[in-house]
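The values are calculated or read from the model by the stated rules, or taken from the named source; none is laboratory data. Here the structure is a predicted model, which is why all the values come from computation and not from measurement. All Cβ positions, even for glycine, are placed from backbone atoms using ideal geometry, and neighbour counts span all protein chains on display.
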Amino acid sequence: MKQSKPDNQLLWQYAGLATQLLVGLGLMLWVGGWLDGFFGWKGPYLVWILPLLLILGVLIKVLRDTSKR
């Protein structure tokens with residue numbers, strides 16, 4: 001019997017997705033804080049809303065990618 005090499009393509013795909021998520025969260029937190037200060041809002045509204053929208057988008061992407069298989 002031949003043993004096949006482990007396919008690391010899926011591993012690299014999800015590692016890239018995790019990197020995008022972490023960088024995106026940091027960017028959304030920074031942009032949200034800047035916009036909250038720019039608009040002069042008392043609460044951290046966009047600091048909460050923008051990262052949550054990013055997480056929702058990533059979850060939708062993961063569900064679409066995994067439902068194909």
When you check Trp41 against the structure, is it modelled with pLDDT of 95 or more and either among the basic types (Lys, Arg) or out of contact with any Cys (no Cβ under 8 Å at 6 or more places or on another chain) (or both), yes or no? no
Which of the following residues is at pLDDT 95 or above and surrounded by 11 or more Cβ atoms within 10 Å (Cβ to Cβ): Leu56, Leu21, Leu29? Leu29
Starting from the stretch 12-23, take each residue that is free of Cβ contacts under 8 Å to residues at least 60 places away in the same chain and list its partners that are in a helix (DSSP H, G or I) and surrounded by 10 or more Cβ atoms within 10 Å (Cβ to Cβ), counting only C-beta distances under 6 angstrom and pairs at least six apart or across chains. Leu21/Val58
Collect the residues in the stretch 25-49 that are of a type outside the set (A, V, I, L, M) and either under 25 Å from Leu59 (Cα atoms) or assigned to a helix (DSSP H, G or I) (or both), keeping them in residue-number order. Gly26, Trp30, Gly32, Gly33, Trp34, Asp36, Gly37, Phe38, Phe39, Pro44, Tyr45, Trp48
Conditions (1) part of a helix (DSSP H, G or I); (2) more than 12 Å from the chain's Cα centre (by Cα): number failed by Leu52: (2)
